[in-house]
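First the structure, in the form of structure tokens, and then the observations on it.
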Amino acid sequence: PSVTLIKNGSFRGCSSLRFIELSSSITEIKNHLFRSCYSLMQVVIPPSVKSIGFYAFYGCSSLQEVEIPSSVESIGSYAFKECSSLVNLNIPSSVTYIDDFAFNNCSSLIKINISSSNCSFGKEILKGCSSLSQIVIPSSVKSIQKEAFYG
């Protein structure tokens, strides 16, 4: 509980890491924090987290579920790219920006529900999500950049 900061890339490439529960005093998931943790299946993000950095979970190909808490305001570019086992995703109403390529090539992603009515989407956020069959986007979403749902 005393851990308040985990620096960029601290767990990068921990290929045997399967589960992690972050301290409730963590406010940001830093850039590249869990990049290429191929065996990571589940992560518990505490309600203290305000942002998910770029490349945070990039290449976590075993990640099946992630619950993004209602405290998160932004999701960085490439944050969940290549998370090929991720199936369902709920984006809470607190999220105001999802950066470029955030969920790119999440090939098992079937459903995404975006609760935020004040959200802007970067380019190609769901490009290559070939299993995607349902997207719920509120009518008040501010903008969706080019090729957001390509492929």
Q | Exposure rank, largest accessible area first [Ser115, Ser16; 1.4 Å] | A | Ser16, Ser115
Q | Cα convex hull of the range 1-63 - mean projected area over all directions, nm² | A | 3.5
(Q) Taking loop as defined by DSSP and a crowding limit of 12 other beta carbons within 10 Å, which trypsin sites (Lys or Arg not before Pro) in the range 47-151 fit? (A) Lys142, Lys146
Q: Grab the other residues whose beta carbon is less than 12 angstrom from that of Gly9, score K and R as +1, D and E as -1, and report the net.
A: +4
Q.
What figure, in Å² to the nearest 10, do you get for the accessible area of Arg18 with a 1.4 Å probe and non-protein molecules left out?
A. 140
Q) With contacts defined as alpha carbon pairs under 8 Å and 6 or more residues apart, what's the relative contact order of the range 66-151 in percent? A) 27
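Excluding Phe101 itself, what net charge comes from residues whose Cβ is under 13 Å from its Cβ, given Lys and Arg +1 and Asp and Glu -1? Intermediate results must be reported in sequence, preceding the final value.
Details: positive: Lys81, Lys123, Lys127, Lys146; negative: Glu82, Asp99, Asp100, Glu124, Glu147.
Spelling it out: positives minus negatives among the neighbours equals -1.
Relative contact order for the range 1-118: what is it in percent, counting Cα pairs under 8 Å that are at least 6 residues apart?
Numbers: 368 pairs, mean separation 22.8, N = 118.
Once divided by the residue count of the range 1-118, the mean separation gives 19 percent.
Taking the range 1-62, which chymotrypsin sites (Phe, Trp or Tyr not before Pro) meet the DSSP loop condition and have no more than 12 other C-beta atoms within 10 Å? Spell out each step's value before the answer.
Values: sites: Phe11, Phe19, Phe34, Tyr38, Phe54, Tyr55, Phe57, Tyr58; in loops: Phe11, Phe34, Tyr38, Phe54, Tyr55, Phe57, Tyr58.
Of the chymotrypsin sites (Phe, Trp or Tyr not before Pro), not one in the loops of the range 1-62 has a Cβ with at most 12 other Cβ atoms within 10 Å.
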Q | Over the chain - Rg/Rh using Cα atoms and the Kirkwood inverse-distance radius | A | 0.95
Q.
For the range 62-112, what does the relative contact order come out to in percent, with C-alpha contacts under 8 Å and a separation of six or more?
A. 44
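The values are calculated or read from the model by the stated rules, or taken from the named source; none is laboratory data. Remember, predicted model here, so these are calculated numbers, not experimental data. In this analysis, Cβ positions are derived from the backbone assuming ideal geometry, glycine residues included, and neighbour counts consider all displayed protein chains. Side chains are part of the model used for accessible areas, which takes the heavy atoms of the whole protein and leaves out ligands, DNA and RNA. Shrake-Rupley method; radii C 1.70, N 1.55, O 1.52, S 1.80 Å.
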